[in-house]
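Below is one structure, written out as structure tokens; the observations come after it.
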Amino acid sequence: MALNIIDLSTVKSRDENFAIFLDQLCQRLDLDYASYAMVGPFAGTVQGYANYPEPWKNHYIRQGLHRVDPILHKAGRSIAPVDWTRFEKDQSFRSVFYAADDFGITPQGLTVPIRGPYGDRGLLSVTRACPIPEWEKLKAAIVGDLQLAAVHLHDSVMRSSVLSRAFNTPALSHREIEILQWVAAGKQQQDIGDILAISHRTVEVHLRSAREKLGALTTFQAVGRAIGLGLIFPC
């Protein structure tokens, strides 16, 4: 099915906030560029925004590269962040980035997938042109921040839609909220179990339940979504 891109820069909602968010994310985490795409739960429409140079964005859309881009079509099926090196031998990836150097774009990047509680999917992608050892070090240092940023941005987009306002906040139990709050405070599962006088396995059961209710792939994402919903507070 062909996907239609809706550039958030053309939508009168929070596009300016989204643009500022991506720029600040790149500045804070020492990245070159960032992009976000959200695939709706029903029509499969892709909403997206990126702080790539305008010539590259125009080329990408004009050539219809979103129809073959494996970052959109394959990374979204992952449950963990996806390094673009996974696609090095993918002909579709090569076709997307064949002319990227001409626009100052590197094929070295990372994509963080997000799944929402309503069947929606989001992808936050970032790039950085640097030697591989430097990239590996940077990636390890920022992946947690990227997961939180991805949840924040995706949920902001969802909250701006009529669809999302029709749903209620997920009903987490008191214990699930309590455990997520301790995770937000930097505590490990064993520490949380000791604090609450429960086993670390019980902690994991509650975390798994919280992740499912929040539509999060990871505990990092569950914490970010719970903060965004006002269920817990950042520490």
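Since every read-out is calculated from the coordinates, none of them should be taken as a lab result. Since the model is a prediction, treat every value here as computed from it, not as a measurement. Methodologically, a virtual Cβ is constructed for each residue, glycine included, from the backbone with ideal geometry; neighbour enumeration extends over all protein chains shown.
Per-peptide packing, taken as the mean over residues of other Cβ atoms within 10 Å, places 216-229, 25-38, 198-211 in the sequence 216-229, 25-38, 198-211 from highest down. Anisotropy class assigned to the range 75-155 is oblate, per the alpha carbon gyration tensor with a/c at or over the 1.5 cut-off and a/b no larger than b/c. Build a GNM of the chain with springs between Cα atoms under 10 Å apart, and of 154, 174, 73 the one that fluctuates most is 174. Among 148, 72, 138, the residue with the largest mean-square fluctuation in a Gaussian network model of the chain, with springs joining Cα atoms closer than 10 Å, is 138. Pair-distance distribution of the chain: all C-alpha pairs, bin width 5 Å, starting at 0; shares per bin in whole percent are 1, 6, 14, 17, 19, 16, 11, 8, 5, 2, 1, 0.
From least to most packed, judged by other beta carbons within 10 angstrom and beginning with the fewest, 87, 103 follow the order 103, 87.
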